[in-house]
Amino acid sequence: MLDVWRAADDIDVFDSAWNFDHFYPIFGDGTGPCLEGWTTLTALAQATHRIRVGCQVTGMIYRHPAVLASMAATVDIISGGRLELGLGAGWNEQETSAYGIPLPPLKERFDRFDEGLEAIVGLLSQDSTTYDGTYVKLTDAWCDPKPIQRPHPPITIGGNGPTRTLRAVARHAQQWNGMSSSPEEWKAKHDVLVERCAEIGRDTAEILCSVNVRGSDGPDVVAERAAAFGGAGVGLVVVSLPQPYNPRDLEPIAEALRPLQG
């Protein structure tokens, strides 16, 4: 991973690099080695210089929002202001069951997510924060030092839920990462996001839209899919690299994607 991120740091086609926030692998049968996301992200942030870094995306159920805000500020400082703060409600029953981490029912999970978002934004952007939610309570709480990026690192929210997730995207996100198998499927979800933004008077153009494509399909297919999603309105394509990770895989992908850069 370190070799890949350092190689990506030197290739201008790539502007961000992402890991994930899981304790078990989410591919295959869910077994095998899996490094913890935020400690790994910190090490990779320190070892790179240009590329933006993020965790796609952090499960709110795994850490208290105040602790997560302090972690985010720390990584933003360590990276020199390159953090993309990825956040999601959490979903993985396999690892939560194994570790004894509560996985509330969906409504409560999103209630906690909404409160956590508001608390994190307050802690990162305000001198002190008092918050009296059902699940999150802060009393004159502070997060010091603040992140380099002000008022806070850009927030990426992952997920496609039309009611809770996309409303949270409209309210808080600078980037929306929506998983879709085709540009047509993505466009239908984006249309809902446009509606959610209209409900609160926000311009959808303020939100960068991203999707993931499989790097294992080969550079030409990656470029073809990137072009198709770009034509639908996607602004960022995240290429999921095959394992074992190899920095030599990056240059062919970069060459295939280079003609698509605006």
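The values are calculated or read from the model by the stated rules, or taken from the named source; none is laboratory data. Just so you know, these numbers come straight off a predicted model, no measurement behind them. Here the Cβ positions follow ideal geometry from the backbone for every residue, glycine too, while neighbour counts run over all protein chains shown. All accessible areas refer to the heavy atoms of the entire protein, side chains included, with ligands and DNA or RNA removed. Shrake-Rupley method; radii C 1.70, N 1.55, O 1.52, S 1.80 Å.
Observations
- Gyration tensor verdict on segment 141-262 (Cα atoms; rounded if a/c is under 1.5, prolate if a/b is larger than b/c, oblate otherwise): oblate
- Sequence-distant contacts, meaning Cα pairs under 8 Å at least 6 residues apart, place the relative contact order of segment 1-147 at 20 percent.
- Extension gain, Ile148 to Ser216: 0.36 nm times the residue separation minus the Cα-Cα distance gives 20.9 nm.
- Per residue, the solvent-accessible area of segment 98-237 (1.4 Å probe, heavy atoms of protein chains only, all protein chains present) comes to 49 Å².
- Length-normalised contact order for the chain - Cα pairs under 8 Å, 6+ apart - percent: 16
- Within the listed set Thr42, Thr130, Thr204, the residue fluctuating most in the Gaussian network model of the chain (springs between alpha-carbon atoms under 10 angstrom) is Thr130.
- Nitroxide proxy distance, nm - points 7 Å out along Cα→Cβ at Glu36 and Trp91: 2.5
- Inter-probe distance in nm under a simple model that places probes 7 Å from Cα toward Cβ, at Glu108 and Ala43: 3.5
- In this structure Ser97 has an accessible area near 80 Å², from a 1.4 Å probe over the protein heavy atoms.
- Equivalent ellipsoid dimensions for segment 6-139 as semi-axes, Å, which come from the Cα gyration tensor, largest first: 26, 22, 11
- Anisotropy class of segment 99-213 from Cα gyration tensor, a/c 1.5 cut: prolate
- Residue order for Ile157, Ile101 - accessible surface, 1.4 angstrom probe, largest first: Ile101, Ile157
- For segment 1-47 versus segment 182-216, the inter-centroid distance based on Cα atoms is 25 Å.
- 3J(HN,Hα) couplings calculated from phi for segment 235-245 with the Karplus curve 6.51 cos²θ - 1.76 cosθ + 1.60 (θ = phi - 60°) are, in sequence order, x, 9, 10, 9, 8, 7, 7, x, 9, x, 5 Hz; Gly and Pro show x.
- Largest to smallest accessible area among Lys187, Lys107, Lys146 [probe 1.4 Å]: Lys107, Lys187, Lys146
- Relative contact order of segment 177-262, defined on C-alpha pairs under 8 angstrom at six or more residues apart (%): 31
- Counting protein heavy atoms only, the chain has 54 percent of its accessible area on carbon and sulfur, 1.4 angstrom probe.
- Cα gyration tensor category, rounded, prolate or oblate, for segment 25-83 with a/c compared to 1.5: oblate
- If you take the Cα centroid of segment 98-172 and the Cα centroid of segment 226-247, the two points sit 27 Å apart.
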